[in-house]
Amino acid sequence: MDTFMSGASAVIQVLRGALLSIAVVFGVICILDWAVRARKISPFNAVARFCRATVDPFIAPIERKVVRAGGTPASAPLWALVAVVVGGILLLSFLDFITIQVARSIIASQNGAAGIFHLLVSWTFTILKIALIVRVISSWLPISPFSRWVRWSYQLSEPILSPLRRIVPNLGGLDITPILAYFLLSLTESLLHRLM
């Protein structure tokens, strides 16, 4: 188990360094692109020509997506930087989560059937909590609840939320049932772990 944890930690550290390097490169690209587009650097300067020759072909697909979404072409490098930073944070969080779950499963397998049951209960509640979080975040974005990316979260969380909606009143336009459901799931999980 120690070998796995040290190996996973080393891989995550290398990945952190690589993602930080990519973010720094995108940061430099953002600054150069902004300086060229805002005419802070002469368009005939060697740096500006370098940007148009190497950076612009790389940023062009991102620029097209930004323009299709209603943004300005000058903000494409900034969106690329945001995508790298957010994607890197999500990737590192996912890898940390997987590492912890593998370590928990190794420990549970060493504890026999009771440990496995404890792990399965924990995983069930974790999946339900993730479904609630995905549902809340997707409700803030222009994503259809029937989209294949979020439909699973609605299917898992609706049996929990619909009875709560009958009990908890709506506070204007604010639906607090996902928050209440999250706390109830955490409370139920801790009670089940204490009983086992």
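Taken one residue at a time, the phi angles of region 158-167 give Karplus couplings (6.51, -1.76, 1.60, θ = phi - 60°) of 4, x, 8, 7, 4, x, 5, 5, 6, 8 Hz. Gly and Pro are set to x. Karplus-based coupling profile of region 69-74, in residue order and whole Hz: 7, x, x, 9, x, 5, with θ = phi - 60° in 6.51 cos²θ - 1.76 cosθ + 1.60 and x standing for Gly or Pro.
Modelled label positions at residue 109 and residue 166, each set 7 Å beyond Cα in the direction of Cβ, lie 4.3 nm from each other. Hydrodynamic estimate: the Kirkwood radius of region 28-77 over Cα pairs, inserted into Stokes-Einstein at 10 °C and 1.306 mPa s, corresponds to D of 146 µm²/s. Histogrammed with a bin width of 5 Å, the alpha carbon distances of the chain distribute as 1, 6, 10, 11, 12, 12, 12, 11, 9, 7, 5, 3, 1, 0, 0 percent, first bin at zero.
Considering region 55-123 at the alpha-carbon level, its Rg and Dmax are found to be 21.0, 58 Å. Entry note, region 44-189: relative contact order of 14 percent, from Cα contacts under 8 Å with a spacing of 6+ residues.
Surface composition of the chain: carbon and sulfur atoms hold 73% of the protein heavy-atom accessible area at a 1.4 Å probe. Heavy atoms of the protein chains alone define the surface here; on that basis the chain has 66 Å² accessible area per residue at 1.4 Å probe size. Based on the reciprocal of the average 1/r between different C-alpha atoms, the Kirkwood radius for region 147-196 equals 12.3 Å. Here residue 13 and residue 49 are evaluated by their C-beta separation; at R0 = 45 Å the FRET efficiency comes out at 0.75. Positive end of the dipole of the chain (Cβ unit charges, origin at the Cα centre): among 126, 11, 58, the Cα lying farthest that way belongs to 58.
The values are calculated or read from the model by the stated rules, or taken from the named source; none is laboratory data. On a predicted model such as this, the values are computed, not experimentally measured, just so you know. Glycine also receives a Cβ, built like all others from the backbone with ideal geometry; neighbour counts cover every protein chain displayed. The protein model used for the area step is the full one, side chains on, heavy atoms only, and it has no ligands, DNA or RNA in it. Shrake-Rupley method; radii C 1.70, N 1.55, O 1.52, S 1.80 Å.
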